[in-house]
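> What follows is a structure written as C-alpha cells; I'll ask about it next.
Please treat every number below as a calculation from the coordinates, not as lab data. Every value quoted in this text rests on a predicted model; they were computed, and no experiment measured them. Cβ: placed from backbone, ideal geometry, glycine included. Neighbour counts: every protein chain shown.
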Amino acid sequence: MTAPAVRRSARREWGPLYRTVREALVARKWRAIPMTLGAVALTSVFQIVQNQPWGFQPVQNLGSVRAADPLWLALLRTPLSLFVPALDLPVWGALAQILLVFGIAEICIGWWRTLLIGYVATVAGTTYARIGLALSPEHPFGLPLSDRIVNDTGPSAAVVGLAMYVCWRYRAYLTGALVVLAMIVEVLVKNNLAGKEHLAAIAAVMALCAVRAKWGPQRSREPLGTHRPPPPPPPPPGGGAGRTVSG
C-alpha cells in the first residue's frame, strides 16, 4: 500500500474522531472534560487513601467488588469500583486510561453516556465472574474457585467498553477490531479473571450497539458531548442595510 493510500485510510478511520476531539479541546480546553478530570481526581484520592494504614478497609467497603459478595452488595459498590485502582497494577495506568479514553468518550458522546456505558461494561464483567464460577474450571468460560475472592476493581472493563462504543459510533471499525484482538490475546496469554471480564464487557457493548443500530436514532459522527455554536443568522433581504436619504 502506498503512502497516499495509507493517509487516506487513516483519515477515514480516525479523521472524524480526531477533528471532534481537537475542536472541543481547542475551543474549551480542559473545560471540555470536567467529568473525566473529576474521575481522575477521585481515583487519585482513592489511591492515596487506600495506601494509608487507616484507609484500606474503608475504600474496600466503598468500592471493592468480589464474586463472593452478595449480588446486591456488588451492584451497590460497582459505580465506585471503577475509580478504585487495582491493587496489583500501577496507579498511573488507571489514571492514563481514564484521562485518555474517558476524555475522548466524554467529548464524543457526553458525560452521562460515558458513565452509563462504562457502568454497563463493568456490570457485564462482574456478572460474568459469577457465571464463570458457576461453570466448572474445565469449561472454556469457567473460572477457578480462587477467583471468588479476587478484588475486582479498576476502570479497565469500562475503558474497553467505551473504546468499542466510540469506535462503533465513529465507524472506526479497524480500531475496534484491534481492541477485540488485543483482548483475545490477553486472555490467551494470561487467562485470568480480568481478561475474560474484558471480553464480557466487549460483548455487552456490542449488544448495546446492535440494539441502538436497530431501534435507536440514525447514527452520525456529530459529537453528543459538546454543543456547537448556532449558525449565524441569514443576511437581511436585499443583501445589506437600508440606505437613508437625506433631505
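> Scan the chain and hand back the longest stretch that contains none of the chymotrypsin sites (Phe, Trp or Tyr not before Pro) lying in DSSP loops with at most 16 other Cβ atoms within 10 Å.
Here the longest segment lacking exposed loop sites spans 142-247.
> Oh, and also: Per-residue ellipticity at 222 nm for the chain, helices alone: DSSP H runs ≥ 4 residues times -39500 (n - 2.57), over residue total, nearest 500 deg cm²/dmol?
-20500 deg cm²/dmol
> Report the far tail of the P(r) of the chain, meaning the percent of Cα-Cα pairs longer than 30 Å.
In whole percent, the share of Cα-Cα pairs in the chain beyond 30 Å is 36.
> Moving on to the next point. Taking springs between alpha-carbon atoms closer than 10 angstrom, which of ALA204, ALA124, ALA177 fluctuates most in the Gaussian network model of the chain?
ALA177
> Would you work out which of LEU174, ASN191, ALA207 lies farthest towards the positive end of the dipole of the chain, given +1 charges on the beta-carbon of Lys and Arg and -1 on that of Asp and Glu, about the Cα centre?
It is LEU174, whose Cα lies furthest towards the positive end.
> Next question, about the same structure. Where nothing but the Cβ of Lys and Arg (+1) and of Asp and Glu (-1) is charged, how large is the charge dipole of the range 12-215 around its Cα centre, in debye to the nearest 20?
780
> Quick one: which residues, 5 or more positions from ASN192 or on another chain, have an amide H under 5 Å from its amide H? H modelled 1.01 Å from N in the peptide plane, none for Pro or chain starts.
Answer set, sorted by chain and number: none.
> Another question about this same structure. Once a ≥ b ≥ c are taken as the square roots of the eigenvalues of the Cα gyration tensor of the range 46-193, is the result rounded (a/c under 1.5), prolate (a/b larger than b/c) or oblate (a/b not larger than b/c)?
Taking the square roots of the gyration eigenvalues as a ≥ b ≥ c, the range 46-193 is oblate.
> Mind checking the angle between helix 111-134 and the chain's longest principal axis? C-alpha axes, 0 to 90 degrees, to the nearest 10.
With rounding to tens, the tilt is 20 degrees.
> Report, to the nearest 10°, how far helix 71-81 tilts away from the longest principal axis of the Cα atoms in the chain, using its own Cα long axis and a range of 0 to 90°.
Roughly 50 degrees, rounded to the nearest 10.
> Add +1 for every Lys or Arg and -1 for every Asp or Glu among the other residues with Cβ under 12 Å from the Cβ of PRO34, and state the total.
Residues close to PRO34 contribute a combined charge of +2.
> If you average the sequence gap of Cα pairs under 8 Å that are 6 or more apart and divide by the length of the chain, what percent do you get for the contact order?
It rounds to 23 percent for the chain.
> Placing +1 on the Cβ of each Lys and Arg and -1 on the Cβ of each Asp and Glu in the range 12-215, which of PRO34, GLY63, THR122 has its Cα farthest towards the positive end of the resulting dipole?
The residue sitting farthest along the positive end of the dipole is PRO34.
> When each pair of different Cα atoms in the range 86-136 is counted once in the 1/r mean, what is the Kirkwood radius in angstroms, to one decimal?
For the range 86-136, inverting the mean 1/r across all distinct Cα pairs yields 12.7 Å.
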